[in-house]
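Worksheet: the structure to be examined is printed underneath.
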Amino acid sequence: MLKTLENRGSLRAMYETMALIRTVETNLLDLFGKGKLRGTVHTGIGQEAIAAGVIAALDLDRDVICSNHRGHGHYLAYCGDAKGLIAEVMGLPHGVCRGVGGSQHLHKRNFYSNGILGGMAPVSVGMAMAEKTAQSGAVVVQFAGDGALAEGAFYESFNIAALWKLPYLLVVEDNGYAQSTPKALEQAGRLADRPKPFGIPVAEVDGNDAEAVHEAAEAMIERIRTGDGPGMLYCTTYRLAPHSKGDDIRDKQEIADAWTREPMVRAREKLPGEFCDAVDQSVANEVRDIIEALV
Ligand SMILES: Cc1ncc(C[n+]2csc(CCOP(=O)(O)OP(=O)(O)O)c2C)c(N)n1
Ligand SMILES: [Mg+2]
């Protein structure tokens, strides 16, 4: 499944990844509606280009990923394990964490997720310190939302990561909201400027453009891997689905507009239609078969 193409950073390969994420998460929402999931789900529908673009720039044999409550896309981009994820969210014993971790507590090889906002910042920086000490050459990548940047733990983590030149990349997925609170009601100043007083470089990118995300992530990771210290990749995007399920009070026109510039539409503008249709169909079949076997 997935990664049939050698160049993980090609738009075609990233489209495959995005299609897998979109299909799995759309099906998870459906399964939730049917009462088949254990606990809640937060989907990254509309934010897939960030997972696809960043993770295609990592060395999957050694780099470490620390994800958050909206982490299914990061997980799928990392390992493509749709069956392990779906079973996990259903609370089944053949889930990747035996059905005990659920949607927000995924772990496989070098992938870890946790739902406490900001909680993974000191953990990620500690892991980066361990990798530096071991001289492994690995980079630790943390994903966090715009709302999470209100947590003070980030600023202590920035300080240590910069002071000790740790191989830590924070990828911010700014979807403009923390649950139902728009960014402007929660955050003073520009979030992309937050790491600058620590001397941490920031790259700002259109988070719905998989190629742009990938290019910026590659440059940032290459620099961090040389031992030059941490960085932030600030991606602007939009969450197309509700925060978790039936809790959406955003303007309906705003959501409709966002569907016209979401990452898969954007990728399709540059790819042959037959290629995209074939990927969509193959992923739909694969996910349908997985679910039929689990339900
Ligand atoms: C410390 C903490 N406080 C509150 C919550 C509840 N909570 C879960 S997601 C969320 C909003 C997060 O917004 P953001 O960081 O922008 O991520 P997004 O959901 O938009 O991807 C909140 C308040 C939490 N998980 N952890
Ligand atoms: Mg947000």
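Observations, loosely collected:
- For segment 243-260, taking the residues that are of a type in the set (A, V, I, L, M, F, W, C) and exposed (fewer than 11 other Cβ atoms within 10 Å of the Cβ), the one that is nearest to residue 103 (Cα to Cα) is identified as 249.
- Scanning segment 118-135 for residues that are in contact (Cβ under 8 Å) with a residue 12 or more places away in the chain and in a loop (DSSP other than H, G, I, E, B), we see that the one that is farthest from residue 189 (Cα to Cα) is 119.
- Count - residues of segment 229-242 that are touching a residue at least 24 places away in the same chain (Cβ under 8 Å) and open to solvent by 20 Å² or more (accessible area, probe 1.4 Å): 2
- Look at (1) open to solvent by 40 Å² or more (accessible area, probe 1.4 Å); (2) at pLDDT 95 or above; (3) within 23 Å of residue 45 (Cα to Cα); (4) within 16 Å of ligand 2 (Cβ to nearest atom) and you find that residue 120 fails only one, number (1).
- Of the criteria (1) away from ligand 2 (no atom under 16 Å from the Cβ); (2) open to solvent by 10 Å² or more (accessible area, probe 1.4 Å); (3) part of a loop (DSSP other than H, G, I, E, B), which one residue 115 fails: (1)
- Test result for residue 226, open to solvent by 50 Å² or more (accessible area, probe 1.4 Å), among the polar types (S, T, N, Q), over 20 Å from the mean Cα position of the chain (by Cα) and over 24 Å from residue 165 (Cβ atoms): no
- For segment 131-155, taking the residues that are of a type outside the set (Gly, Ala, Ser) and touching a helix residue (DSSP H, G or I) at 6+ places or on another chain (Cβ under 7 Å), the one that is farthest from ligand 2 (Cβ to nearest atom) is identified as 139.
- Filter result (open to solvent by less than 50 Å² (accessible area, probe 1.4 Å), away from ligand 2 (no atom under 16 Å from the Cβ) and not hydroxyl-bearing (Ser, Thr, Tyr)) within segment 161-194: 161, 162, 166, 167, 169
- Which numbered condition residue 103 misses (of (1) in a loop (DSSP other than H, G, I, E, B); (2) within 16 Å of ligand 1 (Cβ to nearest atom); (3) of a type outside the set (Asp, Glu); (4) surrounded by fewer than 19 Cβ atoms within 10 Å (Cβ to Cβ)): (4)
- Residue check for residue 149: near ligand 1 (Cβ under 8 Å from one of its atoms) and crowded, with 23+ Cβ neighbours inside 10 Å: yes
The values are calculated or read from the model by the stated rules, or taken from the named source; none is laboratory data. Values in this document were obtained by computation on a predicted structure and should not be read as measured data. Glycine gets a Cβ as well: all are built from the backbone with ideal geometry, and neighbour counts include every protein chain shown. Ligands, DNA and RNA are stripped out before the accessible areas are found, and what is left, the full protein with its side chains, is counted by its heavy atoms. Shrake-Rupley method; radii C 1.70, N 1.55, O 1.52, S 1.80 Å.
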